[in-house]
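Here is the structure we will look at.
The values are calculated or read from the model by the stated rules, or taken from the named source; none is laboratory data. Being a predicted model, the structure only gives us computed values, none of them experimental. Cβ sites come from the backbone with ideal geometry, for glycine too, and all protein chains shown count toward neighbours. Surface accessibility is based on the protein's heavy atoms, side chains included, excluding ligands, DNA and RNA. Shrake-Rupley method; radii C 1.70, N 1.55, O 1.52, S 1.80 Å.
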Amino acid sequence: MKTYKYWNREEYARKGRYDYLIKVSPESIVKEAKILNLSDPDDEANEPLFDRLPFGATILKTGTKLTDFDDIVNNQQPNVVFVSPSCPMARKQLPLVLARFPSIEWVHVRSAGIDFVVSDELSELPVTVTNAKGQFSSSLAEYAMMACSYFAKDLPRLLKQKRTKNWEKYDVEELRGKTLGIVGYGDIGRACAKLAHNYGMKIVALRRNPKLSVQDPYCSVVYGTDKRSLNQLMSESDYIVCSAPSTVETRGMVNADAFKAVKENAVFINLGRGPVIDEDALIEALKSGKLKGAALDVFSEEPLPPSNELWELDNVLISPHNMDQTATFMHEATEFFVFENLPRFICGKELLNPVNHSLGY
């Protein structure tokens with residue numbers, strides 16, 4: 001693919017263009033899509049795969065392991081794999097499926113994060129991988145702004161005063177004029193920046209390739225991912241949103257040095273992946289008062305064990321990795337595959353949301 005193109009459900013202007021083209025002009029079909037569905041057969045979010053596929057697409061089989069596809073014969077030539085998080089051993093099974101069926105050209109992952117399928121074996125295979133990036137960003141951005149307001153308006157104090165029937169006024173903070181630092185300026189990070197900009201916040205961001213955001217209308221500064229840049233971002237931000245993916249490069253990236261550099265009384269918000277953060281260093285910064293607080297939707301170990309000290313800290317807001325979990329979020333992710341990327345594949349057009357499966361995002 002010569003250019004990187006991503007999809008966002010709020011901003012993408014030509015939704016379903018090729019799905020419509022196939023319906024009105026079947027001769028636009030360049031090739032059939034013969035799909036292996038690497039998912040739990042009872043995954044309700046995959047319903048569009050079975051009753052709303054475009055012309056030219058067929059589900060050959062659904063299963064969670066290679067042996068479930070034993071009855072697929074070579075002359076059927078499967079060329080697409082759809083992978084759902086409901087497949088419990090996707091990281092192990094996907095390379096086996098690809099090795100068994102060399103006719104496969106494209107793997108689509110029904111989530112924004114692909115860490116549950118990334119492996120050394122997959123990184124060596126010449127196959128296109130896409131994901132559901134852009135599907136979950138808006139709800140996570142809303143959560144980020146809620147978390148900022150939670151600490152700016154001191155909602156814990158409000159709730160305590162309500163319980164004790166205590167009418168006591170106190171000063172609150174504005175978000176306007178504050179600096180939001182975003183670690184991992186992909187689609188989720190940019191959605192956070194968009195809302196924060198509307199609040200009147202200054203945005204500084206960090207991403208692997210800062211040149212991609214040179215003309216970004218929301219960011220004042222975009223840094224690279226070196227340690228010095230991370231520490232600089234931490235030192236100047238009143239609120240820090242971490243939306244970085246979990247990769248070999250990013251694991252433990254926000255470490256003790258980063259928390260030592262953090263601005264006094266800052267708030268840390270993690271909605272990307274837990275392993276990106278050194279949790280022990282985070283806990284120390286929270287206990288020492290260096291950080292005002294933290295809002296955490298993701299953790300190094302999930303579910304978060306009852307013994308984890310984070311549960312005991314009053315200045316921590318904890319959610320069980322569900323701040324993008326709307327009633328329809330996974331159904332919509334499947335619909336992106338069915339109505340956007342699958343018709344593009346059938347028409348021989350460029351796919352949206354390509355990911356580098358060697359880098360892990």
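Matching residues to (1) more than 21 Å from the chain's Cα centre (by Cα); (2) of a type in the set (Val, Ile, Thr):
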residue: ARG228; (1), (2): yes, no
residue: SER237; (1), (2): yes, no
residue: THR250; (1), (2): no, yes
residue: ALA256; (1), (2): yes, no
residue: PHE259; (1), (2): yes, no
residue: GLU264; (1), (2): yes, no
residue: GLU279; (1), (2): no, no
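Restricted to helices (runs of 4 or more DSSP H) entirely inside segment 1-114, those with at least 2 residues that are surrounded by 14 or more Cβ atoms within 10 Å (Cβ to Cβ) and among the charged types (D, E, K, R) are 17-24, 90-100.
Can you tell me which residue among GLU301, GLU284 is outside any loop (DSSP other than H, G, I, E, B), at pLDDT 95 or above and more than 19 Å from LEU233 (Cα to Cα)? Break it down into steps so the answer makes sense when it comes.
Values: GLU301 fails: outside any loop (DSSP other than H, G, I, E, B).
Only one candidate passes the filter, namely GLU284.
Restricted to strands (runs of 3 or more DSSP E) entirely inside segment 136-223, those with at least 3 residues that are in contact with a strand residue (DSSP E or B) (Cβ under 9 Å, 6 or more places away or on another chain) and free of Cβ contacts under 8 Å to residues at least 60 places away in the same chain are 202-206, 221-223. Of these, ARG208, ARG176, which one is modelled with pLDDT under 95 and surrounded by fewer than 18 Cβ atoms within 10 Å (Cβ to Cβ)? Exactly one residue qualifies, and that residue is ARG208. Against the test of being without any contact (Cβ under 8 Å) to a residue 24 or more places away in the chain and either open to solvent by 10 Å² or more (accessible area, probe 1.4 Å) or aromatic (Phe, Trp, Tyr) (or both), the options PRO303, PRO275 yield a single qualifying residue, PRO303. Taken over segment 245-260, the criterion of being in contact with a Ser or Thr (Cβ under 9 Å, 6 or more places away or on another chain) and of a type in the set (Asp, Glu) is satisfied by GLU249 alone.
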